[in-house]
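Below: the structure, in structure tokens.
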Amino acid sequence: MDIASKYNAKEIEEKWYQHWLDKDYFHSEVDDREAYTIVIPPPNVTGVLHMGHMLNNTLQDVLVRRARMQGKNACWVPGTDHASIATEAKVVAKLKDEGIKKSDLSRDEFLGHAWDWTHKHGGIILEQLKKLGASCDWDRTKFTMDDDMSESVQQVFIDLHNKGLIYRGFRMVNWDPEAKTTVSDEEVIYKEKNGKLYYMQYKIEGEENFVTIATTRPETILGDTAVCYNPNDERFTHLKGKRVIVPIANRSIPLIADDYVDMEFGTGCLKITPAHDPNDKEIGERHKLDVIDIFNDDATLNEHGMHYKGMDRFACRKAIVKELEENGSLIKTEDYQNKVGTSERTGAVIEPKLSYQWFLSMEKLAEPALKAVMEDVVELVPKKFKNTYRHWMENVRDWNISRQLWWGHRIPAWFYGDGMNDFVVANNETEALELAKEKLGKADLTISDLRQESDVLDTWFSSWLWPISVFDGIRNPDNKEINYYYPTNDLVTAPEIIFFWVARMIVAGYEWRGEKPFNAVYLTGIVRDKQGRKMSKSLGNSPDPIKLMNKYGADGVRVGMLLTSPAGNDLPFDESLCEQGRNFSNKIWNALRLVKSWEVVDAKPKAASVAGMQWLDARINQTLESIENNFSKYRISDALMSSYKLVWDDFCSNYLEIIKPEYQKPIDSETYNQTILYFEKLMKILHPFMPFLTEEIWHILTEREEDIIISEMPKSKSFDANTINAFDFAIEAVGSIRNIRNKKQIPMKEKLELSVKMNKEANLTTEFEAVISKLANVSELNKVENDVEGANRFMIKSAEFFIPMSENIDAEAELEKLKEELKYNEGFLISVSKKLSNERFVNNAPEKVVAMEKQKAADAENKIKVIKEQIEKLG
């Protein structure tokens with residue numbers, strides 16, 4: 001067969017992905033097999049592939065392809081998220097470029113633009129995932145604003161409201177002035193920032209005296225409605241019942257006493273701005289203070305900002321400080337570092353804001369979800385995240401589920417009055433009208449008397465239903481698909497969204513299905529650059545995944561991503577990893593070309609080949625046992641590394657060298673046929689990691705109809721550990737002989753004699769003697785009882801090997817070498833003995849580990865004994 005000299009990744013990837021699609025291999029329907037289900041963490045509909053997606057989806061594809069080859073009914077559901085804040089921001093920016101303001105459009109007009117944008121840009125990322133090799137069931141692709149998904153969201157909102165868990169409240173919320181919407185507590189990122197502490201004095205009304213306060217936000221003095229001190233602070237007891245004048249605003253406000261004030265912080269006096277600080281709001285409610293909101297939705301000052309009206313809050317801060325300096329109210333400033341809340345979505349500094357919002361009461365809902373993780377009903381991998389999860393769930397706050405946006409699921413509530421609770425919740429306005437008539441007792445009420453809530457639901461309020469709603473389990477809770485595919489098996493996601501998404505999905509699973517949504521959550525690390533920085537567009541340190549795949553092939557990038565990505569630990573990404581992955585592809589391709597180039601004849605296998613086949617069979621089964629163990633513990637990176645070493649070191653570097661016929665000589669058919677079978681088995685093991693290369697090689701090795709993607713994954717069988725040990729012994733001997741060749745500059749083509757001093761360590765079988773002879777080009781292998789004089793010697797464990805040399809041996813140099821070896825082995829024995837004398841180690845370490853350490857000690861003792869004997873002879 002004419003096999004290309006170079007592996008053409010692009011051509012082969014396109015060919016096989018289309019073939020898999022044509023064969024419908026990714027599609028799943030309910031049947032009698034065991035289901036294996038993964039739901040994709042839905043990326044933003046207008047997003048593009050980044051390195052985090054690459055890692056996450058490679059891991060998912062490995063799990064899905066492996067399950068498919070294990071005979072399970074593998075179902076990987078893809079889809080995208082409507083991403084309210086991000087998508088609306090992009091649409092607003094696009095309209096702005098076209099000279100259109102959102103405020104000039106009706107809601108329906110704006111949504112028309114949003115849908116156009118979504119249809120144009122949505123789904124790009126899913127197409128990019130196909131290039132990676134993602135074997136998703138594309139027929140099941142979902143979008144969180146599909147009609148059936150939207151109906152599920154609405155049904156859940158109504159259900160929770162009817163249970164009394166959703167309520168409307170006038171609360172202090174996290175306001176994102178750039179997106180002009182609230183964000184939840186979990187979407188606020190706190191950053192250490194260098195700022196200033198401003199000391200200002202307020203004149204006591206009717207006196208010439210002042211009180212001094214310290215603040216980081218002087219612009220908010222225009223919303224001050226009190227100055228507060230601690231009632232136990234003797235410095236201020238004389239102020240009881242007095243009032244002060246707010247600088248610039250010249251308003252009179254009361255001096256009040258409250259235990260909240262920290263007597264040690266600042267001056268001991270605190271300005272109270274109930275509209276712009278959550279703690280001030282609580283104090284304001286206790287003391288029935290006025291509330292003055294000085295900001296517009298975009299964080300510019302409103303009419304309460306007086307002559308600063310229309311100015312941005314940070315520009316106002318500078319201007320107001322200048323005015324306070326000029327009028328003598330500002331006494332001093334100090335450098336001050338504090339934590340500032342920023343929006344996870346836009347990066348804008350969060351503004352505490354009082355507004356009417358919708359909330360979901362979480363305390364009761366969280367209980368079964370907390371229990372499920374703490375009792376490992378839902379397994380978090382790695383387990384270190386359990387404590388983080390527990391802390392959050394035990395301190396869970398009510399979820400602010402409303403957003404002041406137009407793009408998203410509109411809240412199904414209709415108002416019939418101006419009161420906070422003058423509303424009904426319904427599926428549509430007709431149903432709402434009937435409920436409002438009933439509630440008010442007004443039969444003449446019309447639809448024109450109702451006004452639907454303009455807010456939409458938090459994006460996470462739809463994605464928390466994802467494992468249920470993709471199988472229509474909310475609308476049709478007893479349908480065959482939800483009963484078959486749910487609960488799903490594994491969820492692969494990032495630790496950053498363990499609260500936004502993972503915890504809430506578990507909550508939803510128990511609320512609407514009475515069981516967990518998945519068995520295990522594999523939490524990936526963050527992809528970082530060589531400097532340890534998180535990869536991001538703003539830093540310009542994130543490579544384009546598509547360009548990487550074009551350069552190194554999808555399989556090369558998949559291997560590169562997974563080689564250093566243990567669960568929960570960050571991935572220090574370097575492009576050289578992808579190069580390593582590509583080199584691995586080339587190594588396998590070259591091995592294929594070598595094997596298929598051999599002429600095959602009907603003859604008996606050589607002794608070395610027999611030994612090589614016995615060993616490789618045992619080695620494959622030993623590695624399969626390790627791979628299966630690693631997969632059971634979600635050590636996917638370790639499973640790949642085991643597979644990598646099996647193919648590169650064991651198959652390519654050792655086995656093929658053992659069985660390779662001499663130049664232009666044929667190979668026997670038995671060895672050749674067995675080699676093809678081994679090659680096929682290795683391609684099956686590698687397929688989940690490197691789907692394209694393995695499928696191509698599978699069909700070149702043997703002409704067949706069956707594709708590797710649906711072939712059976714090999715299972716480990718019992719193996720003879722002695723065979724592996726004997727081979728390792730032989731390979732170590734080969735390495736030592738090659739070292740002597742290098743030192744003495746003896747070419748490989750020149751044959752050598754080898755003698756082995758007989759003892760239990762040197763009990764080589766004929767087959768493995770043949771391996772040494774083949775790989776080290778040994779003409780004679782003799783077993784001797786005494787030392788061979790005038791020979792180069794080396795040791796493996798306590799076995800002694802001799803290579804007779806024509807020239808005289810430098811006895812002094814040999815003696816020095818033996819002394820060095822003795823010193824090393826004595827030091828090694830001391831360290832092992834210390835470990836074995838540690839009772840805690842002996843009592844707590846696994847039995848296998850202790851036995852291994854004891855064997856190390858015995859080997860070292862034997863080796864020391866032999867070295868001392870050799871030193872004595874040379875001395």
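See the values below:
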| quantity | calculated |
| --- | --- |
| Ellipsoid equivalent to segment 129-273 - semi-axes via the Cα gyration tensor, in Å | 51, 20, 14 |
| With 10 Å bins from 0: P(r) over segment 570-714, alpha-carbon pairs, percent | 10, 40, 35, 12, 2, 0 |
| Dipole axis of segment 1-124 (+1 Lys, Arg; -1 Asp, Glu on Cβ), positive-most option in Y36, L63, L21 | L63 |
| Estimated [θ] at 222 nm from DSSP helical runs (n ≥ 4, -39500 (n - 2.57)) normalised by residues in the chain, nearest 500 | -13500 deg cm²/dmol |
| Fraction of accessible area attributable to carbon and sulfur, the chain (%, probe 1.4 Å) | 47 percent |
| Local electrostatic count at K15 - Lys and Arg +1, Asp and Glu -1, tallied over other residues with Cβ under 14 Å | -4 |
| Two-decimal log10 I(q)/I(0) for segment 240-299, as the Debye equation yields it once each C-alpha is a single scatterer, q = 0.12, 0.30 Å⁻¹ | -0.32, -1.42 |
| Cα-based convex hull volume of segment 470-516 per residue, rounded to whole Å³ | 75 Å³ |
| Average projection area in nm² (convex hull over Cα atoms of segment 415-542, one quarter of hull surface) | 12.6 nm² |
| Stokes-Einstein D (µm²/s) once Rh is taken as the Kirkwood radius of segment 284-393 over alpha-carbon pairs, at 10 °C in 1.306 mPa s | 84 µm²/s |
| Inverse mean reciprocal Cα-Cα distance (Kirkwood Rh) of segment 497-581, Å | 14.9 Å |
| Other-chain or far-sequence residues with amide H under 5 Å of K196's (modelled H) | Y336 |
| Crossing angle, helix 607-632 versus the chain [Cα axis fit, 0-90 degrees, rounded to tens] | 20 degrees |
| 10 Å-binned pair-distance histogram of segment 1-82 (Cα, whole percent) | 14, 36, 35, 12, 2, 0 |
| Protection-proxy order for peptides 65-71, 550-556, each taking the mean of Cβ atoms within 10 Å per residue, highest first | 550-556, 65-71 |
| Projected area, mean over directions - segment 539-600, Cα convex hull, nm² | 5.5 nm² |
| Mean accessible surface per residue for the chain, computed with a 1.4 Å probe while every protein chain stays in place, in Å² | 46 Å² |
| Degrees between helix 107-121 axis and first principal axis of the chain (Cα, 0 to 90, nearest 10) | 10 degrees |
| Three principal axis lengths of the chain [C-alpha, angstrom, descending] | 113, 65, 51 |
| In degrees, nearest ten, helix 575-597 long axis to first principal axis of the chain (Cα) | 40 degrees |
| Relative contact order (percent, whole number), segment 132-235, Cα cutoff 8 Å, 6+ residue spacing | 11 percent |
| Reachable lysines from K94, criterion Cα separation under 21 angstrom, eight or more residues apart if same chain | K102, K120, K180, K537 |
| Stokes-Einstein D for segment 703-794, Kirkwood Rh over Cα pairs, 37 °C, 0.692 mPa s (µm²/s) | 208 µm²/s |
| Values of log10 I(q)/I(0), in the order q = 0.12, 0.16, 0.22 Å⁻¹, for segment 67-162 under a Debye, Cα-only, solvent-free model | -0.57, -0.87, -1.15 |
| Residues of type lysines that K386 reaches as a straight line, Cα spacing below 20 Å, ignoring anything fewer than 8 places off in the same chain | K364, K371, K516, K633 |
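The values are calculated or read from the model by the stated rules, or taken from the named source; none is laboratory data. This is a predicted model, so every value here is computed, not measured. With ideal geometry, Cβ positions are generated from the backbone for all residues, glycine too; neighbour counts draw on all protein chains shown. Note: areas computed on protein heavy atoms with side chains; ligands, DNA, RNA excluded. Shrake-Rupley method; radii C 1.70, N 1.55, O 1.52, S 1.80 Å.
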